[in-house]
Every structure is written in structure tokens, then in C-alpha cells.
Amino acid sequence: MMLLAANFGIMAVDARDSQTKQRIFRVWAQAIASPVQDASSRAGGATSGLVRKILNFNSTADENERLKQRLSEMELELKSTRGAAIENEQLKGLLSLKEKTGYDSVAARVIARDASVWFNTITISQGSAAGIALNMPVVTGGGIVGRVVAVSWLTAQVMLITDEKAAAGAVIGQLGESGAMGSVRGLGQNGLLEMRYVSGLQKVEVGNYVLTTGQDGIYPPGLNVGDVVMIKEGTPTQSHQIYIRPSARLDQLEEVAVLLYHPPQRPAPEQTLPNVDKGKNDKR
């Protein structure tokens, strides 16, 4: 029986198709194995594609990280370049102060700022050791910054012109030629100055420049204050309400100069004493 089964098996394996002459057993085996092979091939292809995608993703992520790093470096370089340009501009302005004002000055760096929004006070890196004293004017090449309100041996504190307690005598237009004179004071929160006491009869326009008059006993005459940016027209009996943007870049201060300026002493008014002898003689 076993021999019969074995013989039948051999005949089945060796049986061939009459037309193609292929072994029938191989054809059946390939037909049965084909779906399995196809599924296996697809799974292998999908796995291979997934691996490629993972590798590509990792490569893209690495490239993005490198690009982000380079972008960050370029941003730092740009900020550094801008900072250097601003500092160079400020230094050039400071170097020309002697020629512009005629006064000696002490250059100083800003080492601290007030914590308020508009930085109404700053601390500078020079003090009484360099000859700085209270109420000396602080300027940049662009214009006035403020005045010294506290001084130590090595540092000084400066109240910016935008502080509500700051003020300066000013004129709109050329000093000695314009009658639009008044006083500027800080507004504290918006970075602007307000000019008061300018007669409503005076012609004032947006864009007019404003200079110091020297009448406040702090700033010498002829320093830049700023430009007129807004006007509320006055009347013949009411003064203009004028707003000025400071010409010094108070939000970008790195280097300043303290003018070693002492305002001229005003002569004391003469007191006329009565002539006692003359009075006696008249009585006689």
C-alpha cells in the first residue's frame, strides 16, 4: 500500500502538461505560492520605503537644524553690525561736539537704564573724578539728552529730557531771529516733549527745528532739541500747544558726552542805598 502511494506521488510530481510540457506539480506550487510571494514582496517594498522615508526625514531634520543655526548666526551678525554702525555714528557725533559747542566734554558709556518703559534716567560710566558735576548737560551728536542729577566718584545719573520733571528753555527756529520762544518739558510716557508759552501769534509749522536758548541755566544756547511733530493752534490770547520729537535717539543710547559747561553768573541787581548825608543837608 505504501509502495502504491509512493509510486502515485512520484507520478504526480513527474506529471507534465501536454501542451507546455511543464511539470504540473511546479505550476500548482507556483500558483499557491504566488499570493504569498506577492504579499511578501509588497511588505518588503513597503518596509524598504518606510526605511527610506525615515532616513530622508532624519536627513531633512538635520538640514533644517543646520539652517536654523545658520539663520541665528546671521541674525546675530546683523544685530552686531547694526549696533556697530549706530555706535560709530554716535562716536562721530561726539567727536564733533567740541567744534559745534565750543565746550570741553567727557565721553561716557551708558551702563544702566531706569526700569520704566521710556527709560527716563540712565547711569553713565564717568563721575566727579572726570570733572562731572550736578546739572551739567548731557548730549549726543544729535542733540540734548538730559542733565546730571546725581554724581559719584566714578558714575553719574542723568535725567533724560523726556522725564516729566525735566525742562529747558527753547526757541523754534534760529536763535536771535525767531520770536517763538518758550519752555520744553518731558511728557514721560510717549517719548515726546511739550513746548509751552509760545505766543499764538507766532507762525509755527510741523518740521520746524527747536534749539536751546541758554536761559534755563543748564544747557548752553544753540543745541538741538528736536523737531515739531504736532501743533494745536493757539489764539492771540492763548499760546500754541506744541509737541516735539527729540533729535537725540534716547532709545538707542550707548555713548554720550557730558559738557563741562558752567552757565555764566548773572550779575546781582544793584542796590541803591539812600544818601544819608545828602538827606541831612537837604533838611538843613
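Below is a table of values for the structure above.
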{"read-out": "Some residue of the stretch 248-262 being modelled with pLDDT of 90 or more, more than 26 Å from the chain's Cα centre (by Cα) and surrounded by 12 or more Cβ atoms within 10 Å (Cβ to Cβ)", "value": "yes"}
{"read-out": "For Lys98: the one exception among (1) modelled with pLDDT of 95 or more; (2) surrounded by 13 or more Cβ atoms within 10 Å (Cβ to Cβ); (3) more than 19 Å from the chain's Cα centre (by Cα)", "value": "(1)"}
{"read-out": "Of all residues making up the stretch 202-257, the number that are more than 18 Å from Gly186 (Cβ to Cβ), among the hydroxyl-bearing types (Ser, Thr, Tyr) and touching a strand residue (DSSP E or B) at 6+ places or on another chain (Cβ under 7 Å)", "value": "2"}
{"read-out": "Any hit, the stretch 61-76, residues being more than 22 Å from Thr162 (Cα to Cα) and modelled with pLDDT of 80 or more", "value": "yes"}
{"read-out": "Filter result for Gln174 (at pLDDT below 90 and closer than 23 Å to Thr140 by Cα)", "value": "yes"}
{"read-out": "Answer residue from the stretch 227-265, given it is among the small types (Gly, Ala, Ser) and touching a residue at least 60 places away in the same chain (Cβ under 8 Å) and is nearest to Ala130 (Cα to Cα) among those", "value": "Ala257"}
{"read-out": "The lone exception for Trp153 - which of (1) modelled with pLDDT under 95; (2) under 23 Å from Val110 (Cβ atoms); (3) over 27 Å from the mean Cα position of the chain (by Cα) it fails", "value": "(1)"}
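The values are calculated or read from the model by the stated rules, or taken from the named source; none is laboratory data. These figures come from a predicted structure and were not determined experimentally. We place every Cβ from the backbone using ideal geometry, glycine too, and count neighbours over all the protein chains shown.
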